[in-house]
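What follows is one structure encoded as structure tokens, with my remarks underneath.
The values are calculated or read from the model by the stated rules, or taken from the named source; none is laboratory data. Just so it is clear, the model here is predicted, and its values are computed rather than measured. A quick note on method: Cβ atoms are made from the backbone with ideal geometry, for glycine too, and the neighbour counts reach across all protein chains shown. Note: accessible area is taken over every heavy atom of the protein model, side chains too, but ligands, DNA and RNA are not part of it. Shrake-Rupley method; radii C 1.70, N 1.55, O 1.52, S 1.80 Å.
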Amino acid sequence: MSAELEELYQSIILDHNRRPQNHRVMADATGHAEGLNPLCGDQVTVFVKLEGDRLADVSFQGHGCAISKASASLMTQAVKGKTVAESQAIFDRFHAMVTGQGTEGITGGLKALSGVSKFPLRVKCASLGWHAMKAALAGET
Ligand code: ZN
């Protein structure tokens with residue numbers, strides 16, 4: 001990876017850490033789930049609002065390291081408005097990326113987290129919000 005690209009990725013993560021998207025409690029959520037990463041001290045609660053088969057809204061609350069917050073923020077952007085099946089597919093591609101299986105099918109700012117695959121302890125930070133999103137959806141059905 002070029003130094004410029006690494007810098008760009010770094011700035012995306014820092015930006016989402018400073019100004020996380022969809023960072024709020026959702027009063028009318030149809031499901032929510034908490035994720036904890038005791039190794040790092042990350043805590044996140046993900047709220048989902050299903051309308052039929054579509055994620056009409058996704059938000060999160062919590063605290064933790066920059067990676068966990070940026071990843072949860074990017075997650076909400078990636079799956080908002082998608083169907084449950086599409087969200088699952090995005091989850092699978094994200095999981096493949098952070099476990100070092102390449103960035104195929106990854107779009108937008110999510111690629112900023114591809115470097116995480118080089119740091120096994122950070123994979124938990126990056127995956128936390130995603131697993132909580134999946135759990136929140138599972139609780140709904
Ligand atoms: Zn962390």
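What translational D, rounded to a whole number of µm²/s, comes out for the chain from Stokes-Einstein when the hydrodynamic radius is the Kirkwood one over Cα pairs, at 10 °C and 1.306 mPa s? Don't skip to the end; give the middle numbers.
Values: Rh = 14.8 Å.
Using the Kirkwood radius from Cα pairs, D works out to 108 µm²/s.
Order of 101-107, 81-87 by packing, highest average Cβ count within 10 Å first? Before the final figure, lay out the partial values.
Numbers: 101-107: 12.4, 81-87: 15.6.
Ranking, from highest mean packing down: 81-87, 101-107.
Which order do peptides 69-75, 29-35, 118-124 fall in by mean Cβ count within 10 Å, highest first? Walk me through the numbers before you get to the answer.
Working: 69-75: 27.3, 29-35: 19.1, 118-124: 14.6.
In decreasing order of mean packing, 69-75, 29-35, 118-124 become 69-75, 29-35, 118-124.
Against the longest alpha carbon principal axis of the chain, how many degrees, from 0 to 90 and to the nearest 10, is the axis of helix 66-79 turned?
Value to nearest ten degrees: 50.
Work out from phi, with θ = phi - 60° and the Karplus expression 6.51 cos²θ - 1.76 cosθ + 1.60, the ³J(HN,Hα) of each residue of the range 87-99, listed in order in whole Hz, and give x for Gly and Pro.
Computed from phi, the couplings for the range 87-99 are 4, 4, 5, 5, 4, 4, 5, 4, 4, 4, 5, 6, 9 Hz.
What lysines does Lys82 reach when the alpha-carbon gap must be under 23 Å and sequence neighbours fewer than 8 apart in one chain are set aside?
Lys49, Lys69, Lys111, Lys134
Whole number in Å², please: accessible area per residue of the range 22-141, 1.4 Å probe, ligands, DNA and RNA not counted. Could the numbers behind the result be given before it?
Details: 5530 Å² over 120 residues.
On a per-residue basis, the range 22-141 sits at 46 Å².
So what's the angle, to the nearest 10 degrees on a 0 to 90 scale, between helix 120-140 and the longest Cα principal axis of the chain?
Compared with the principal axis, the helix lies near 20 degrees.
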